[in-house]
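Here's the structure we're looking at; comments come further down.
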Amino acid sequence: MRKKHVITLGALIFFSCLLLSGCITPDNQRTSLTPARDLTGTWTGTPVFTDRGNECAYEGTMELNLQQNQNHLAGSFNLTVTKTTGDPPCVRVGSSFHYLVDGTVSSSQIHLIIADTDYLNGSFTTDLMTLRWQQCTSCESGPAIKLIGMVSLMREQR
């Protein structure tokens, strides 16, 4: 019985230390950590994506333009269709989509909101960013497209 109290007390002390250090805050909110680097610039990649109804699949080029101010990010991304499946295709090759993004960066994690509805969440290193599309299930509308799986973006050299 005494051993059980020691383990419980140890767990209580551990979580209290985490709470006081700012790693975890009440209501499961995390504090923002200093960004690992400045993400300002242009990031490019070649994702596969579908329309919102999953009826058509496309390949394209993605250009993510970001401006960072401390932990805040703002910018846009462009998708240009380079290949499409389906006969007839739902969208012509060469079609472009443009969306505004807003978000945060904490340590090496990035969280972007697309057109105030969907999300791009991921991580980055010096010149590589990996993002996953998270579609908003409670939104009335959103971007006409969504990425399939992860997309890797490389930082363009300045």
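If residue 158 passes every condition in (1) closer than 13 Å to residue 43 by Cβ; (2) surrounded by 13 or more Cβ atoms within 10 Å (Cβ to Cβ); (3) at pLDDT below 90 but one, which one does it miss?
(2)
Which of the residues belonging to the stretch 47-103 are closer than 15 Å to residue 147 by Cβ, touching a Gly at 6+ places or on another chain (Cβ under 8 Å) and outside any strand (DSSP E or B)?
If the condition is that a residue be closer than 15 Å to residue 147 by Cβ, touching a Gly at 6+ places or on another chain (Cβ under 8 Å) and outside any strand (DSSP E or B), then 47, 52, 56 are the ones that fit.
Take the stretch 104-126 and flag every residue that is assigned to a strand (DSSP E or B) and either charged (D, E, K, R) or free of Cβ contacts under 8 Å to residues at least 60 places away in the same chain (or both).
109, 111, 112, 113, 114, 118, 119, 120, 121, 122, 123
Mind listing whichever residues of the stretch 138-147 are exposed (fewer than 15 other Cβ atoms within 10 Å of the Cβ) and either out of contact with any Lys or Arg (no Cβ under 9 Å at 6 or more places or on another chain) or not in a loop (DSSP other than H, G, I, E, B) (or both)?
138, 139, 140 - these are the residues of the stretch 138-147 that are exposed (fewer than 15 other Cβ atoms within 10 Å of the Cβ) and either out of contact with any Lys or Arg (no Cβ under 9 Å at 6 or more places or on another chain) or not in a loop (DSSP other than H, G, I, E, B) (or both).
Taking the stretch 85-106, which residues are surrounded by 14 or more Cβ atoms within 10 Å (Cβ to Cβ) and under 24 Å from residue 134 (Cβ atoms)? Steps first, answer last, please.
First pass over the stretch 85-106, keeping only residues surrounded by 14 or more Cβ atoms within 10 Å (Cβ to Cβ): 89-91, 95, 97, 99, 101-106.
Once the filter is applied, which keeps residues that are surrounded by 14 or more Cβ atoms within 10 Å (Cβ to Cβ) and under 24 Å from residue 134 (Cβ atoms), the stretch 85-106 yields 90, 91, 95, 97, 99, 101, 102, 103, 104, 105, 106.
Has the stretch 127-137 got at least one residue that is assigned to a loop (DSSP other than H, G, I, E, B), in the same structural domain as residue 45 (by TED's automatic domain parsing) and more than 21 Å from residue 58 (Cβ to Cβ)?
Yes, the stretch 127-137 contains at least one residue that is assigned to a loop (DSSP other than H, G, I, E, B), in the same structural domain as residue 45 (by TED's automatic domain parsing) and more than 21 Å from residue 58 (Cβ to Cβ).
The values are calculated or read from the model by the stated rules, or taken from the named source; none is laboratory data. All figures in this text were calculated on a predicted structure; none of them were measured in a lab. Reconstructed Cβ throughout: ideal geometry from the backbone, glycine too, with neighbour counts over all protein chains shown.
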